[in-house]
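In what follows, a single structure is set out as structure tokens and then discussed.
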Amino acid sequence: MTLEALGFFVGVVIKAVLFSVALLTGFAYMTYGERRIVARMQWRVGPNKVGPWGLLQPAADGIKLLFKEQLQPKEAKTFLFVLAPMISLVVALSAYAVIPIDKDPVNLFGYSIEPWVSNPSIAVLYLLGISSLGVYGIILGGWASNNKYALLGAIRSSAQVISYELALGTALVSPLLMVGSLSFRDVVNQQLDHSYLTGDGGWLILAQPVAFFLYWTAAVAEVNRAPFDLPEAEQELGAGYHTEYSGMKFAMFFMAEYVNMFTVSSVATTVFLGGPGGLPVDESQGLLFRLLAHGPHWFLLKVYFFMFVFIWLRATFPRFRYDQLMRIGWQFLLPLGLINLGVTAVGVAMQWKSYQFTLAVASMLVTLIALSMLNRKPEQPDHH
Amino acid sequence: MDEVINDLIALGKGLSITFRNMLQKPVTITYPENKRKFPARTRGRHVLHRYEDGRERCVGCLLCQGTCPAGAIYIEPAENTKENQVSAGERHARVFDVDLLRCIYCGHCELACPTNAITLENNTAIAGYTRESLLIHKEELLEPKGTATLGSTQAWDPKPPSPSAAEFDGSETSSAAVGQGNRPSRQPGAGH
Ligand code: SF4
Ligand code: SF4
């Protein structure tokens with residue numbers, strides 16, 4: 001092995017470890033942040049006793065989970081029972097490997113450090129493929145627990161994840177079609193290097209608002225968060241697929257859920273909100289302008305905005321019924337995504353500029369609304 | 001489609017409500033540091049009261065023990081002697097125990113007491129590590145020497161007890177003593 005290859009290998013390992021640590025710390029403080037924010041939305045205060053403003057609460061929770069008894073049902077399949085949370089967590093963490101947190105490699109101590117773990121040309125495919133493996137963790141966990149609620153939760157979850165994956169993919173394809181590449185780096189560069197009005201650049205949410213909306217809805221369902229948290233519906237299923245898990249094994253499922261939230265937020269940021277891009281200033285005018293133009297802090301800001309939206313949604317909306325869930329997925333998200341994809345394909349073929357896509361999407365929506373108004377059925381009298 | 005639009009508007013409304021709530025001041029009162037002020041008639045832990053001169057109000061009449069629906073009060077009365085004048089009347093309570101685990105905080109004892117000796121006060125922080133610690137005795141119940149409060153009696157009965165109550169000797173009492181309020185007697189000829 002040459003020295004360079006070794007150096008590359010070591011660099012990737014170090015970055016992977018750093019990303020994982022960052023994600024798990026992020027997870028810990030998301031639980032804290034979530035409890036505080038949901039509390040404020042309900043006029044409560046939230047955890048504020050451990051440390052200043054309760055900031056050490058995640059540490060206290062971690063210690064508690066570590067020392068908790070590891071319960072396991074007598075009839076559980078031990079191997080799968082232990083394996084399931086590991087699958088969930090490992091899959092969730094490895095999905096993050098392809099997300100770029102800055103635009104270009106930085107030069108530090110004579111080394112050029114790339115702000116991503118790896119940058120394959122099929123990054124989006126890798127991410128979709130890996131994250132759909134997460135459902136194995138849930139299904140195996142639910143099945144190996146030998147508990148009917150866990151199994152029901154797992155089945156619901158797999159049905160839900162598979163349905164929404166389709167909508168998610170369709171929603172992602174439209175912006176990627178405009179970029180013409182599956183690499184996240186290209187997606188970011190396209191958005192930052194071209195202008196919205198004169199080129200095909202600009203944040204893709206401007207050109208693809210419908211795709212963004214569809215993506216976000218499907219993403220919330222993908223990570224099993226409220227209002228799509230049917231797999232762990234406490235009132236119906238105990239706690240769903242992790243009913244029988246306790247201690248650190250439960251914590252791993254929990255971590256996987258939050259890391260997945262980070263991942264879908266990061267994808268939303270990268271694909272729709274220009275990733276690490278900031279204000280449109282000339283970055284050659286000094287460090288300050290460089291920081292204003294793009295950087296990991298912008299990326300983090302946007303990701304945390306999305307994380308906040310997750311919490312916000314959870315505090316606001318009640319859980320969907322199962323039939324509603326399926327109807328939204330198959331009859332609303334998927335057809336809309338396909339229509340949007342068709343419009344985008346026409347636009348790409350005719351080499352539109354960004355704002356023309358926006359106009360096209362807007363007119364598409366207006367036409368749909370007008371058509372539905374014309375087609376309105378007479379009101380049915382209500383018989384209750 | 002217009003239904004969908006309406007639904008989306010509804011979603012937006014919901015989100016705006018939670019967001020506005022987030023900016024509000026929380027209603028939580030962080031308990032051990034800040035305490036909520038209880039209403040004057042809150043029925044918390046019992047207190048036994050004294051007169052100005054330090055004598056106990058309780059005359060060991062057992063009315064509270066008799067009226068208690070939970071059987072939470074245990075009293076052993078004893079005679080007052082010339083040398084040892086504990087209470088204002090003939091007798092005093094030598095032992096006065098309240099089992100806070102049995103008590104249902106109904107306040108009947110307070111209503112029954114002819115001398116306003118026992119009241120339920122605002123102390124609701126009733127907790128302990130053992131059952132024994134929640135069987136409280138006269139020393140814990142009695143207000144300290146030198147204090148002479150009326151407690152929630154004032155809240156229940158805006159009129160202060162008549163000074164003659166200071167000289168209560170058991171020879172006369174009123175329906176207020178058994179929690180019925182000062183009502184005129186219905187049956188003519190019946191004594192009070
Ligand atoms: S409050 Fe009620 S239950 Fe408690 S001691 Fe008095 S009479 Fe008995
Ligand atoms: S009713 Fe009042 S005076 Fe009689 S024993 Fe109870 S506390 Fe003492």
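The values are calculated or read from the model by the stated rules, or taken from the named source; none is laboratory data. Keep in mind the model is a prediction, meaning the values are calculated, not measured. Cβ placement follows ideal geometry from the backbone for every residue including glycine, while neighbour counts extend to all protein chains displayed. All accessible areas refer to the heavy atoms of the entire protein, side chains included, with ligands and DNA or RNA removed. Shrake-Rupley method; radii C 1.70, N 1.55, O 1.52, S 1.80 Å.
Observations
- Restraint check, B:K37/B:K138; A:K74/A:K249; A:K49/B:K13; A:K68/A:K249; A:K103/A:K302, Cα-Cα greater than 22 Å: B:K37/B:K138; A:K49/B:K13
- Heavy-atom SASA rank of B:I17, B:I136 (probe 1.4 Å, accessible area, largest first): B:I17, B:I136
- Note: relative contact order over the stretch A:1-67, using C-alpha pairs below 8 Å and six or more positions apart, is 19 percent.
- Chain A - percent relative contact order, Cα under 8 Å, separation 6 or more: 20
- Take the protein assembly as shown with all the other protein chains still there, run a 1.4 Å probe, and you get 54 Å² of accessible area per residue.
- By accessible area with a 1.4 Å probe, ligands and nucleic acids excluded, highest first: order of A:F109, A:F308: A:F109, A:F308
- Gained length - A:I122 relative to A:F109, 0.36 nm times residue gap less alpha-carbon distance: 1.6 nm
- Spacing of the modelled spin labels on A:A362 and B:V4, each 7 Å from Cα toward Cβ, amounts to 1.9 nm.
- Extension gain for A:E69 to A:T2 (0.36 nm times residue separation, less C-alpha to C-alpha distance): 19.3 nm.
- Accessible area buried between chains B and A, both sides summed, probe 1.4 Å, in Å² to nearest 100: 1900
- Ranked by solvent-accessible area (1.4 Å probe, protein heavy atoms only, all chains present), the residues A:T263, A:T243 order from largest to smallest as A:T243, A:T263.
- Using a Förster distance of 45 Å, the FRET efficiency for A:I14-A:Q42 (Cβ separation, nearest 0.05): 0.60
- Here each label is just a point 7 Å from Cα along the line to Cβ, and for A:I369 and A:L80 those points are 5.0 nm apart.
- Sites B:T124 and A:V348 - FRET efficiency at Förster radius 60 Å, r taken between beta-carbons, to 0.05: 0.30
- When only the Cβ of Lys, Arg, Asp and Glu is charged (+1, +1, -1, -1), the dipole of the protein assembly as shown relative to its Cα centre reaches about 420 debye.
- Taking all protein chains as shown and a probe of 1.4 angstrom, A:T2 keeps an accessible surface of around 90 Å².
- Kyte-Doolittle mean at least 0.0 and Cα axial length at least 18 Å: DSSP H helices in chain A: A:3-41, A:78-95, A:123-144, A:148-179, A:209-222, A:247-272, A:296-316, A:334-349, A:354-374
- Fraction of accessible area attributable to carbon and sulfur, the stretch A:73-373 (%, probe 1.4 Å): 69
- Rolling a 1.4 Å probe over the protein chains gives B:E90 an accessible area of about 120 Å².
- Among the chymotrypsin sites (Phe, Trp or Tyr not before Pro) in the stretch A:1-97, those placed in a DSSP loop whose Cβ has at most 15 other Cβ atoms within 10 Å are A:W43.
- When the Cα atoms of chain A are aligned to their principal axes, the ranges along those axes come out at 75, 65, 46 Å in descending order.
- Using a probe of 1.4 Å, the accessible surface attributed to A:L133 totals some 70 Å² when neighbouring protein chains are kept in position.
- Average other protein chain Cβ within 10 Å of Cβ, residues B:17-26: 5
- For the segment A:45-52, counting C-beta atoms of other chains within 10 Å of every residue's C-beta and taking the mean gives 1.
- Measuring r between the beta carbons of B:S16 and B:E83 and using R0 = 56 Å, the FRET efficiency lands at 0.15.
- For the stretch A:1-67, the carbon plus sulfur part of the accessible surface works out to 77%, probe radius 1.4 Å.
- Using the Stokes-Einstein relation with a Kirkwood hydrodynamic radius computed over Cα pairs, the translational diffusion coefficient of the stretch A:1-67 at 4 °C and a viscosity of 1.567 mPa s comes to 91 µm²/s.
- Note on the stretch B:1-43: Cα-Cα pairs beyond 17 Å make up 61% of the total pair count.
- Counting only DSSP beta bridges with both residues in the protein assembly as shown, the antiparallel share comes to about 90 percent.
- Interface residues of the stretch A:300-314, defined as those with an accessible-area decrease of at least 10 Å² between the chain by itself and the complete set of protein chains (probe 1.4 Å), are A:F308, A:W312, A:L313.
- Neighbourhood net charge (13 Å Cβ-Cβ; Lys/Arg +1, Asp/Glu -1) for B:Y105: +1
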